Amino acid sequence: MKKFIVKNCVLLVWLAIFYFSAVAAVSDGPPAGTSRSAKGGLKAALINCGYELGYEVSVKGPDGGLIDFISASSASAKNRVHIAVVNDASKFYAGVYFGDKTETVSEAARAKNAIVAVNGGYFAVIDEKIYSVGKLCENFTVYPRHIKHEQYPYFYIGADGIPGIAKASEFDKRVLKKGGAARAYIQTKPMLVYNSSIPSSLKASRAASDSKNPRTAIAITADKKIICAVVEGRQEFIEGMSQTALAGLLIKLGAVKAVNLDGGGSSTIFLNGSVMNRPSGGLSPFTLPGVQRPVHSVVFFSLKK
């Protein structure tokens, strides 16, 4: 046996190299331009919440990690989450994309050269025209057709380019008057986290606590990081998450403010050229699970030139 090994050691080495190269070739790799790394604090928080970590990747820039992304699952809670953290919003052009038609998140993201994007707010089709549920604005241009909901909170990008989250009263009094205008905003509901706590109105809502569905949310941390979160659901062994459960998770991830976006079949997260979740496909029998549902608005982050 020893003679065989010595005699054929070169052949064995080449076979080993071929084997591991083949394994690497068929493994799922990260999207182009990324490296396998993520913030330890994010990973620790998810583990402490009972999640098993899955795919993780970081989008790198000259000064370090621009975006950290982790997918994680909880068998006991029957959900899977996808978290993208924008570490320094000042390096990105943040915006709200919309038009007179619906598009998939990936179509919108590619149109804006986005590194990360998630679906935006609620919308309705009335007499073959698209109405946003709540107000929409990008580059100081307000979408003309919207269903008024004056008390809905806002995710906004200020005139200085920095994202924020505000109650309707705060937005009207502080954001618009203080800065003169917000460059972009999306009005949606409900507020999931305010001052690092779950709002009492959300806690009091039975639907917010009991209804488990795919979810999309955006949050801001004390150190101004942006958290984009998507929860999968409506799949075998993956039910989704209630709004209060999502709020609790975001708080543990460091959110001081967070707002809910459109969910269900719309929930989609895009990172550096790839859709990172498995969309539920919506309630229509003609929409297949894993296929993106066209949406009206998208929140995106593109690198500044």
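The values are calculated or read from the model by the stated rules, or taken from the named source; none is laboratory data. A quick note: this is a predicted structure, and the numbers were derived from the prediction, not measured. As a convention, Cβ positions derive from the backbone with ideal geometry for all residues, glycine included, and neighbour counts pool all protein chains shown.
For the reader, a short list of remarks on this structure follows.
- Yes/no for A217 being closer than 20 Å to A77 by Cβ, in a strand (DSSP E or B) and modelled with pLDDT of 95 or more: yes
- One residue from A84, A77, A45 being touching a residue at least 40 places away in the same chain (Cβ under 8 Å), of a type in the set (A, V, I, L, M), under 18 Å from L246 (Cα atoms) and part of a loop (DSSP other than H, G, I, E, B): A77
- When residues of the range 160-180 are limited to those that are in a loop (DSSP other than H, G, I, E, B) and surrounded by fewer than 14 Cβ atoms within 10 Å (Cβ to Cβ), the one modelled with the lowest pLDDT: G180
- Taken together, the residues in the range 220-243 that are hydrophobic (A, V, I, L, M, F, W, C) and assigned to a loop (DSSP other than H, G, I, E, B) amount to 2.
- The single condition among (1) at pLDDT 95 or above; (2) in a strand (DSSP E or B); (3) over 21 Å from D88 (Cα atoms) that L202 does not meet is (2).
- Filter result for A111 (surrounded by fewer than 23 Cβ atoms within 10 Å (Cβ to Cβ), aliphatic (A, V, I, L, M), over 27 Å from A222 (Cα atoms) and modelled with pLDDT of 95 or more): yes
- Where a residue in the range 217-233 is basic (K, R) and its partner, wherever it lies, is not in a strand (DSSP E or B), with Cβ under 7 Å and at least six apart: K224/A89; K225/N87
- Output for the range 133-153, where each listed residue is under 23 Å from the mean Cα position of the chain (by Cα), over 18 Å from K167 (Cα atoms) and outside any loop (DSSP other than H, G, I, E, B): E138
- Some residue of the range 261-271 being crowded, with 24+ Cβ neighbours inside 10 Å and in contact with a helix residue (DSSP H, G or I) (Cβ under 7 Å, 6 or more places away or on another chain): yes
- Filtering the range 123-141 to residues that are surrounded by 12 or more Cβ atoms within 10 Å (Cβ to Cβ), over 30 Å from D223 (Cβ atoms) and not hydroxyl-bearing (S, T, Y) leaves F123, A124, I130, V133.
- Annotation: Y156 fulfils all but one of (1) in contact with a Pro (Cβ under 9 Å, 6 or more places away or on another chain); (2) more than 19 Å from S242 (Cα to Cα); (3) in a loop (DSSP other than H, G, I, E, B); the unmet one is (3).
- Yes/no for V105 being crowded, with 24+ Cβ neighbours inside 10 Å and farther than 25 Å from P294 by Cβ: no
- Scoring N113 on the criteria (1) among the polar types (S, T, N, Q); (2) within 20 Å of G265 (Cα to Cα); (3) part of a loop (DSSP other than H, G, I, E, B) leaves a single failure, condition (2).
- Those residues of the range 244-259 which are in a strand (DSSP E or B) and crowded, with 24+ Cβ neighbours inside 10 Å, in sequence order: A255, A258, V259
- Residue in the range 78-86 that is more than 25 Å from E239 (Cβ to Cβ) and surrounded by fewer than 23 Cβ atoms within 10 Å (Cβ to Cβ) present: no
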